[in-house]
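J.: First, the structure itself, so that you have it in front of you.
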C-alpha cells in the first residue's frame, strides 16, 4: 500500500468521484429510491481517475454508512465495505435496503485520494405509490368536506341577512366588489357566491348589472382561504379540529355551536392540506421526478387546460389551489408553472355557475355567461405575460407557497381593477348576447340551491305563495266583471289561470317538503307548515272560481240570464266582502302580522251570516214570483254559496298564521 501511495505521489494524486459512463452520464446510483427490505436495483459505483481523467486500476476504495434512520443505527454503524477499482477505474458496492423508511447516507474514501465522496439512497414503504395516491385523494376529500361543511355553517350563521346585504349594498359597483369579497369569505367559495347570484337574479332579488361587481369581489374573496393555507397553519390543524369539535358538542348556544362548526371545518381544511403535502413528499425523493414536473411549466397552455378541466370537475378553484400549494411545499413546482394552473382554476370554477343557470330565466343565464366570459377574457389578457407576472410575484415573498398564494390574489385584484370601469358597457354586451325570450309559466322564486339555507328558502317560498295569491285574486276580480259583461273569452282566461295556480301549489309544496328535510328551527318549521296550509286554501279558492263559478257563468252567458236588481246587489255585496277578506289574507301572509290574522279569522262568521241573509232574500223573491229571480234561481243560490266558500277559505289563512306563532 505504501508503494502504491509513493507511486501516486510521484505521478500526482488521483481523484475519487461518482462514476460516469463514456457519455458522461452519472451511473453512481446516488439518490436511488427502493422499497424497504429490497436489494438496491443498481450498485453504488465510485470511480478513481488521474489528473487527466483517465481511469486508475487497482486502487482500494472503502465505503461506510455515516447516517441512517435512528431505529437501524446499530446495524449499520460498523458496516464498512471495500473494493479495488477495475480496468475502468470502477469500485462497485451492492446494498440491501433496510426495513425502516428513511434516508441512508454513505461516505466513500480511498487511502490514495485526498477527497471523499458522499452518496445516498432512500427507502420507502412497500406500495408507496398506492399510499401516495390514497393520501392525495384522502387529503383532498378532507379538504373538500371541510370547505363544504364550513360554508354551510357560515351561511347558517348569516341566515337571511345575505339577501339584504346583496340588495342594499350592490347598487354601487365598488360596494358590490366588497360585498363579493365578504360573502365569498363567508362561503369559502367563489362558486357558491356566483351560484347565489344566479339564484337571486332569477328570483328578482338583485338586478343583473348589480351582480357584476359582486363577481369581481368573489374572485378576490376566494383567495382568503388560499392565503391561510400558504402560511402552513396545517402544523396545528388537529388542535383546530379538536377545539371546533368540542365547541360543536358542548356549545349549548346556537352561536357557539355554529362557530365550532366553522372552526372544525377550517381544521379539516388544513389537516387535508397536511395529508396531501405529506403524501406527495416521496415524489421529491425519486431522482428526476421533480425536474420533470417543474419542466411542465414550459407548456403553460397544457397546464391551463388541465387545470380548467380538473377545477370544473371538482367545482372548486380553492381545492385546485390547495393541490398546487401542496406541490409547492414539496418543491415539485415553481411559480412559472403554478401561474397557468391558477389561470385554469379561475376558468374552471365558472362551471358551477353555468350548471346552476340551466333551465333558469335569462337573468340567471346572463350572470353565468358574464362570469365565464370575464374569466376567459382576463386570462387571455394575462397569458402572454406569464414570465413577467412570475417575476413580479417573486418579489412578494421568499417562500414558494406564499408566492403561489400571492399570485392568485394579485391576479384577481388586477382583474377587478381592470374591469371595474367597464362593467356598464360589459353588461350591455351580455344583454345583447342573451336577449329576453318569452318562456313558459313556471315558479319564479323557488331555487333549489337555497334549500340548504332554510331561512332564505322559506322566504322564497313565501314570495312564490304571494305570487300565487295575486293570480287567485285576479281570477276573483275578473269573475265579477264577467257576471256583468258576459265576456266568454274572459271566462275562458279565468279557467286557464287556474292551471298556473295548480302549478305553483304543487311546486311550492314540494319545495317546502324538501326544506323540512334540512336542519330547521322550530320557528321556521311552524312558518313552513303555515305556508303549506295557506297555499292549499288558495288552491281551493282557485278551484271554486274555475270549476264552479265559471260553470255558472257559462250557463248565464249561454241562456242570457239576467239577475234581478236586488239579487245582483246581494251578489255584489257578498262578492265585495269575500274579496276584501282575500285581500286582507294576502296582506297578512306578506307580514305574518298576528293582529291582522285575528281580524281575518273573525270574518268567517260574518260571511256565513251574509250567506244566510241573501239566501232568504232570494227565496222571498221567488215566493213573490219575480221573473228574473225565477230564471236565475238555478245559479243564484250556488253562486252566493261559492262566494261564501271563498270567504271561508280566505279566513282560514288567518287561523293558520295565528297557529304559527
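The values are calculated or read from the model by the stated rules, or taken from the named source; none is laboratory data. Only a predicted model underlies this, so the values are computations on that prediction, with no experimental measurement involved. Here Cβ is always computed from backbone atoms with ideal geometry, including for glycine, and neighbour counts include all displayed protein chains.
J.: What do you reckon, is residue 503 closer than 17 Å to residue 463 by Cβ and surrounded by 14 or more Cβ atoms within 10 Å (Cβ to Cβ)?
T.: In short, yes.
J.: Of all residues in segment 26-39 being within 50 Å of the chain's Cα centre (by Cα) and surrounded by fewer than 18 Cβ atoms within 10 Å (Cβ to Cβ), which is modelled with the highest pLDDT?
T.: 26
J.: Right, next: Which members of segment 40-89 meet the condition of being exposed (fewer than 12 other Cβ atoms within 10 Å of the Cβ) and under 19 Å from residue 125 (Cα atoms)?
T.: If the condition is that a residue be exposed (fewer than 12 other Cβ atoms within 10 Å of the Cβ) and under 19 Å from residue 125 (Cα atoms), then 41, 70 are the ones that fit.
J.: Inspect all residues belonging to segment 409-416 and state whether any of them is more than 18 Å from residue 179 (Cα to Cα), in a helix (DSSP H, G or I) and in contact (Cβ under 8 Å) with a residue 60 or more places away in the chain.
T.: Yes: one or more hits.
J.: Pick from 612, 651, 633: which is part of a helix (DSSP H, G or I), surrounded by fewer than 19 Cβ atoms within 10 Å (Cβ to Cβ) and at pLDDT 75 or above?
T.: Selected residue: 612, the only one of 612, 651, 633 that is part of a helix (DSSP H, G or I), surrounded by fewer than 19 Cβ atoms within 10 Å (Cβ to Cβ) and at pLDDT 75 or above.
J.: Out of 398, 422, 354, which single residue is surrounded by fewer than 19 Cβ atoms within 10 Å (Cβ to Cβ), modelled with pLDDT under 90 and within 17 Å of residue 308 (Cα to Cα)?
T.: Selected residue: 354, the only one of 398, 422, 354 that is surrounded by fewer than 19 Cβ atoms within 10 Å (Cβ to Cβ), modelled with pLDDT under 90 and within 17 Å of residue 308 (Cα to Cα).
J.: Sticking with this structure for a sec: State whether one or more residues within segment 84-95 are in the same structural domain as residue 47 (by TED's automatic domain parsing), more than 14 Å from residue 14 (Cα to Cα) and at pLDDT below 85.
T.: Yes.
J.: Enumerate the helices (runs of 4 or more DSSP H) found wholly within segment 455-564, keeping only those where 1 or more residues are under 43 Å from the mean Cα position of the chain (by Cα).
T.: It comes to 488-516, 522-543.
Residues checked against (1) under 30 Å from residue 129 (Cα atoms); (2) free of Cβ contacts under 8 Å to residues at least 40 places away in the same chain; (3) not in a strand (DSSP E or B):
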residue	(1), (2), (3)
47	no, no, no
53	no, yes, yes
57	no, yes, yes
63	no, no, no
66	yes, no, no
72	yes, yes, yes
82	no, yes, no
91	no, no, no
99	yes, no, yes
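J.: From the list 546, 573, 528, 485, which one is surrounded by fewer than 18 Cβ atoms within 10 Å (Cβ to Cβ), at pLDDT 85 or above and either farther than 24 Å from residue 661 by Cβ or in the same structural domain as residue 615 (by TED's automatic domain parsing) (or both)?
T.: Answer to the check: 573.
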